[in-house]
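Q: Take this structure first; my questions come after.
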Amino acid sequence: MTDTPATILVVDDEAHITRVVSLKLRNAGYTVLTAADGEEGLEAALQHTPDLIITDMQMPYLTGLEMARRLREHRATAGIPLIMLTARGFGLTPDDMAETNIKKMMSKPFGPRDLLRQVEVCLGGGEDEAAEAA
Amino acid sequence: MKPGTWILISSAAVCGAAAYVAPWLLGVVGAPARPVFVVGLAAVAAGLGMLPVAWLLNRDAARMTRTAARLAAGDDAPVPSVSALSRPAAGALRRVMEQADQDAQVVMARMRELEIRVRISDGDRARFETALEALPDPAIVTNGYGELQLINAAAAGLLGLDREADLSRSVVEAIGDESIRRLLIEAHESGSATHRARAEIAVRAADAPPDAPGRAHEAIVATLPDPTEPIGGAVLILRDIAREREISQMKSEFVSKASHELRTPLSSINAYVEMLLDGEAEDPEAQREFYTVIKSEADRLGRLIDNMLNISRIEAGITKAKHEDVDFVKAAQHAVSVIEPQARLKDISIRIKSGSLLYSAEADRDMLHQVLLNLLSNAVKYTPENGRVTVTIENDETTGSVMTTVADTGLGIPPDAIDHVFDKFYRIENYKRVAKGTGLGLNLVKHIVETVHGGQITVTSELGMGSKFTFLIPYTRDGARRLAA
């Protein structure tokens with residue numbers, strides 16, 4: 001890891017959630033980008049290639065899972081690890097996990113503290129995975 | 001020459017000869033003298049003497065021939081009695097007929113017994129048929145040879161069977177549906193009178209288009225007992241479970257959607273409280289912002305729970321609606337006064353239009369207030385700044401109801417969404433960012449207007465021009481029953 005703080009993209013259609021997650025991550029020293037739905041999230045990811053993406057599952061235009069699949073199609077974004085937040089209380093199938101780069105599922109309601117811990121884990125192992133994929 | 005005439009001549013000749021030879025054979029007379037004369041005389045005398053006998057026998061034979069011919073032709077003219085016959089014929093015939101009569105008695109007794117058995121079995125069959133006919137579910141019965149023996153109306157309709165022409169056709173030929181045919185064949189091949197099977201199968205109705213998917217059915221098949229054969233056939237009953245499935249799917253979707261909707265505000269509350277506890281919002285302004293978010297999300301949670309409870313109470317039929325005379329203009333004024341502060345923030349004007357008449361109907365005042373509030377709040381939410389919201393109240397004499405219209409100059413509803421706006425948790429995807437909502441407000445409105453008050457609600461909209469919600473509340477509850485009918 002270099003001294004440059006990692007960039008994290010937070011995608012959620014609930015403004016309150018993006019607001020609180022951003023604040024938690026910024027307080028921890030990360031650079032944070034936000035997007036309000038899957039489509040915006042995909043655009044932001046392609047444009048900024050963040051180090052990690054935290055996304056909601058149920059969103060208008062493009063769901064979190066669909067966005068994760070699309071990210072896999074682009075060389076620049078294929079290796080970005082994702083943390084998926086879901087309010088549905090359902091698990092992703094092994095297929096869903098295999099065809100995306102989703103590293104962790106967290107169900108809502110979640111605690112910002114837990115989320116930060118998962119972010120640190122993902123960024124630690126995420127870089128190795130990205131190197132392997134490249 | 002008729003056979004009768006031959007009998008007459010030959011019997012006269014035989015009798016004449018007998019009359020001549022008999023005395024001589026018995027030694028009553030001596031050796032014949034002048035035999036030619038005597039023979040001639042005796043023959044003539046005997047022949048003449050036998051004539052009546054021969055005539056009688058001939059008549060009996062002719063009668064019997066005619067009767068036999070008539071009987072053979074199926075004519076049921078009375079059979080001549082034995083007493084009508086001559087004595088010699090009658091003697092023999094009587095003995096034969098007495099024997100025949102005894103045999104006939106035995107046969108008749110057997111037939112009576114069979115007839116009773118058939119009658120009992122017909123009665124059982126009629127009861128069985130009536131019972132199956134009364135079933136709303138399709139039912140078919142086969143006999144021991146695997147042929148269709150009974151098809152009730154529902155089965156004929158579903159499987160496209162002809163209740164006359166398809167009877168006695170084999171299951172293999174007559175039943176087009178693969179799964180049903182297989183179940184029946186398996187039942188027959190089991191050879192067991194206690195075979196029972198149950199399967200969930202998709203059945204496509206005979207009148208459905210060939211590419212239509214089948215409807216889910218539960219099929220129950222059982223073999224029928226028989227006193228002489230291993231099985232007496234099988235009965236198959238189908239039950240349409242597609243609606244049940246739909247309801248259960250709707251319920252699980254409701255729970256899933258409800259849990260999503262409940263978890264979302266809960267998630268915000270949880271995250272903001274934790275941030276406050278962890279001292280991540282230190283300046284008072286940030287703290288105030290956090291408390292405001294927590295309060296508004298807690299309110300949202302409360303509204304959501306209230307709406308869900310109200311809807312489920314109405315659906316379960318346990319809502320006790322009050323019947324008061326409600327003045328709709330006053331009710332509209334009250335609702336507008338609640339929404340006005342929200343409207344003022346966006347410079348939206350709200351107007352109430354009504355004539356000078358009294359517009360009142362039997363309604364539950366609080367519930368009506370909820371309806372007006374939800375419609376007005378939606379109108380304000382989805383109308384851009386400087387827009388207009390108009391509430392119109394009229395009497396609709398055709399339906400005997402008060403007609404209230406809430407119209408706005410807002411975003412309008414896309415045509416593909418207009419049929420869904422009253423669905424539970426339905427929200428127009430593109431408008432989710434325009435305003436917050438539970439997706440239950442309009443569903444509750446529809447329930448209050450239609451289920452509770454027996455009224456009607458409709459919506460028309462033009463994209464980019466605005467939406468118009470119109471609801472009718474019957475003047476009286478009797479009127480509501482008529483409107484519903």
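Q: With the condition kept exactly as written, say whether any residue in segment A:80-95 is at pLDDT below 90, of a type in the set (Asp, Glu) and either surrounded by 15 or more Cβ atoms within 10 Å (Cβ to Cβ) or in contact with a helix residue (DSSP H, G or I) (Cβ under 9 Å, 6 or more places away or on another chain) (or both).
A: no
Q: Regarding segment B:365-378, can at least one residue be identified that is more than 19 Å from B:Asp306 (Cα to Cα), at pLDDT 90 or above and either assigned by TED's automatic domain parsing to the domain that holds B:Tyr475 or surrounded by fewer than 17 Cβ atoms within 10 Å (Cβ to Cβ) (or both)?
A: Taking every residue of segment B:365-378 in turn, none turns out to be more than 19 Å from B:Asp306 (Cα to Cα), at pLDDT 90 or above and either assigned by TED's automatic domain parsing to the domain that holds B:Tyr475 or surrounded by fewer than 17 Cβ atoms within 10 Å (Cβ to Cβ) (or both).
Q: Among the residues of segment B:281-304, write down those that are facing chain A (nearest Cβ under 9 Å), surrounded by 17 or more Cβ atoms within 10 Å (Cβ to Cβ) and at pLDDT 90 or above.
A: Initial filter on segment B:281-304 (facing chain A (nearest Cβ under 9 Å)): B:281, B:286, B:289-290, B:293, B:296-297.
Those still in the list that are surrounded by 17 or more Cβ atoms within 10 Å (Cβ to Cβ) too: B:281, B:290, B:293, B:297.
Across segment B:281-304, the qualifying residues are B:Phe290, B:Val293, B:Glu297.
Quick grid of which residues meet (1) touching a helix residue (DSSP H, G or I) at 6+ places or on another chain (Cβ under 7 Å); (2) in a strand (DSSP E or B); (3) assigned by TED's automatic domain parsing to the domain that holds B:Asp162; (4) under 30 Å from B:Leu183 (Cβ atoms):
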| residue | (1), (2), (3), (4) |
| --- | --- |
| B:Glu218 | no, yes, yes, yes |
| B:Ser248 | no, no, no, yes |
| B:Lys251 | no, no, no, yes |
| B:Pro265 | yes, no, no, no |
| B:Arg288 | no, no, no, no |
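Q: Another question, then. Against the definition (more than 14 Å from every other protein chain (Cβ to nearest Cβ), assigned to a loop (DSSP other than H, G, I, E, B), within 27 Å of A:Asp13 (Cβ to Cβ) and over 42 Å from the mean Cα position of the chain (by Cα)), how does B:Gly412 come out, yes or no?
A: Yes, satisfied.
Q: Now for a separate question. Based on this model, can you work out whether A:Gly126 counts as at pLDDT below 90, in contact with a strand residue (DSSP E or B) (Cβ under 9 Å, 6 or more places away or on another chain), farther than 25 Å from B:Ala258 by Cβ and more than 13 Å from every other protein chain (Cβ to nearest Cβ)?
A: Answer is yes for this residue.
Q: Which of the residues spanning segment B:450-459 are at pLDDT 95 or above and of a type in the set (Ser, Thr, Tyr)?
A: Answer for segment B:450-459, where residues must be at pLDDT 95 or above and of a type in the set (Ser, Thr, Tyr): just B:Thr458.
Q: Within segment B:331-343, is even one residue touching a residue at least 60 places away in the same chain (Cβ under 8 Å), more than 12 Å from chain A (Cβ to nearest Cβ) and either among the polar types (S, T, N, Q) or in contact with a Gly (Cβ under 9 Å, 6 or more places away or on another chain) (or both)?
A: Checked against the condition, which is being touching a residue at least 60 places away in the same chain (Cβ under 8 Å), more than 12 Å from chain A (Cβ to nearest Cβ) and either among the polar types (S, T, N, Q) or in contact with a Gly (Cβ under 9 Å, 6 or more places away or on another chain) (or both), segment B:331-343 yields no hits at all.
Q: Here are B:Gly214, B:Gly191, B:Gly176, B:Gly232: which of them is at positive phi and away from chain A (no Cβ under 14 Å)? Working first, answer last.
A: On the way: B:Gly214 fails: at positive phi; B:Gly176 fails: at positive phi; B:Gly232 fails: at positive phi.
When all the criteria are applied, what remains is B:Gly191.
Q: Of the residues A:Asp37, A:Asp56, which single one is within 14 Å of chain B (Cβ to nearest Cβ), among the acidic types (Asp, Glu), more than 25 Å from A:Glu120 (Cβ to Cβ) and surrounded by 20 or more Cβ atoms within 10 Å (Cβ to Cβ)?
A: Going through A:Asp37, A:Asp56 in turn, just one is within 14 Å of chain B (Cβ to nearest Cβ), among the acidic types (Asp, Glu), more than 25 Å from A:Glu120 (Cβ to Cβ) and surrounded by 20 or more Cβ atoms within 10 Å (Cβ to Cβ): A:Asp37.
Q: So which residues in segment B:152-177 are part of a strand (DSSP E or B) and within 15 Å of B:Ala219 (Cα to Cα)? Even if it seems obvious, please write down each step before you answer.
A: Pass one, segment B:152-177, residues part of a strand (DSSP E or B): B:170.
Those that are part of a strand (DSSP E or B) and within 15 Å of B:Ala219 (Cα to Cα): none in segment B:152-177.
Q: Among all residue pairs at least 6 apart or on different chains, which show Cβ distances below 7 Å where the first residue, located in segment B:247-261, is within 11 Å of chain A (Cβ to nearest Cβ) and the second is polar (S, T, N, Q)?
A: The qualifying pairs are B:His260/A:Gln58; B:Glu261/B:Thr438.
Q: Name every residue in segment A:66-91 that is within 20 Å of A:Pro109 (Cβ to Cβ), under 13 Å from the mean Cα position of the chain (by Cα) and not polar (S, T, N, Q), in order of residue number.
A: A:Leu82, A:Ile83, A:Met84, A:Leu85
The values are calculated or read from the model by the stated rules, or taken from the named source; none is laboratory data. Bear in mind the structure is a predicted one, so any value in this text is a computation, not a measurement. Every residue, glycine as well, gets a Cβ built from its backbone with ideal geometry; the counts of neighbours run over all protein chains shown.
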